[in-house]
Amino acid sequence: MNMISPDAPKPIVITKNKSQSTKIKPIVDFRTIKVQGGKGGDGCISLRRLPKNPHGGPDGGDGGSGGHVCFKATSNKTSLEHISSLLKGDDGEKGINRDCHGRNAEHLVIEVPVGTMFRSTDGNILADLEVEGAMFIAARGGAGGKGNHYFATDVNQAPEIAEFGADGEELNYTLEIRTIAHVGLIGLPNAGKSTFLRAISRARPKVASYPFTTLQPYVGVVKYDDLQQVTVADIPGLIAGAHRNRGLGIAFLRHIERCLCLLYVVDASLPQPWQQLEVLRYELEQYDSKLLERPSGVLANKMDLHQSKENLNALKSYVDKLNLPLFPVSAQNHLGISSVLHYVRQLYDGSNTEEVLEE
């Protein structure tokens, strides 16, 4: 492993006590919604009657247009939990007499995390909000109806007809966050992913001695002294056969697909710990072989145990064949964390450089 440069950004040590609240919110990165644009206002039927002008003609105003339902990408959001399953735009106001048009409704603009994708019911990607400030009009509001003044002609100078406002669009979408974190922690159940995330951030995923303690991804933030923040996701545990939808299956692999970099967490205290890495990489390859090409590293966790120290050399030999860096850590005792966080920052900087080159 390379020496850490003295000029490299250093992670900020967490000194503030974590909240003791029992309410924990996992990230929501998948949601199915129904959106409906606002209805347009109805046109007005009115005939002007004034002193000395009892037959002033039609003066019914047009109805206002209904509001659109729009989504805007922002870095201030990291989850889809604030989005309800039914979203409806405001209706436009009706037209009134004296040629007064109804007011157009305000558009409903909902903020979503950068990288949110919108899929149709048949699975086609309709929009991908990749940059800050990008917007997608999910459902257009209906147009306002014309008042009776619009239908006046030389033949019919006092029409008593008007249009109803049009209904807004009504569509269904599936929302997905394309990138839920910069770095994803992947491993078999009880490998210590949640404990490691607790050690490096203020996130508080559930920790217990039974498998599948984590059922939803949790995201923690690692802060550096140059004010840069790197997000790390605790992905639910993987088992053999996940690409065949065993365990959490495809849902789990979908979470991994949206992480820019990967850290394999291996329980070094188990016999032949390199077999865990074989299972992880095989499942990723079966789901999408491109996942193995992403920047990665291996964490040999639970190094505070005697069995882990005995297995370390054999595990290192296997990892060296894969040309991946190995980090012996003890998440429970906060040992070896610093070198991992420096490597995480290298992965983050490298992923940003690749994105700039692609653009």
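Below are the figures for this structure:
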item: Qualifying residue in the range 113-124 (condition: without any contact (Cβ under 8 Å) to a residue 60 or more places away in the chain and under 30 Å from residue 55 (Cβ atoms)); result: no
item: Flag if residue 103 is at positive phi, more than 31 Å from the chain's Cα centre (by Cα), part of a loop (DSSP other than H, G, I, E, B) and not assigned by the TED database to the domain that holds residue 257; result: no
item: Within the range 73-104, tally of residues that are modelled with pLDDT under 85 and surrounded by fewer than 17 Cβ atoms within 10 Å (Cβ to Cβ); result: 2
item: All positions within the range 259-289 that are free of Cβ contacts under 8 Å to residues at least 12 places away in the same chain and touching a Gly at 6+ places or on another chain (Cβ under 8 Å); result: none
item: Residue list for the range 116-146, restricted to those being surrounded by fewer than 18 Cβ atoms within 10 Å (Cβ to Cβ) and part of a loop (DSSP other than H, G, I, E, B); result: 120, 121, 122, 123, 124, 130, 131, 132, 133, 134
item: Near pairs, Cβ below 7 angstrom, 6+ apart or cross-chain, from the range 88-108 (over 23 Å from residue 69 (Cβ atoms)) to any residue that is crowded, with 17+ Cβ neighbours inside 10 Å and among the hydroxyl-bearing types (Ser, Thr, Tyr); result: 97/46
item: All strands (runs of 3 or more DSSP E) inside the range 35-77 with 1 or more residues being in contact with a His (Cβ under 9 Å, 6 or more places away or on another chain) and more than 14 Å from residue 160 (Cβ to Cβ); result: 69-74
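The values are calculated or read from the model by the stated rules, or taken from the named source; none is laboratory data. Not measured: the values here are computed from a predicted model. So basically every Cβ, Gly included, is an ideal-geometry build from the backbone, and we count neighbours across all protein chains shown.
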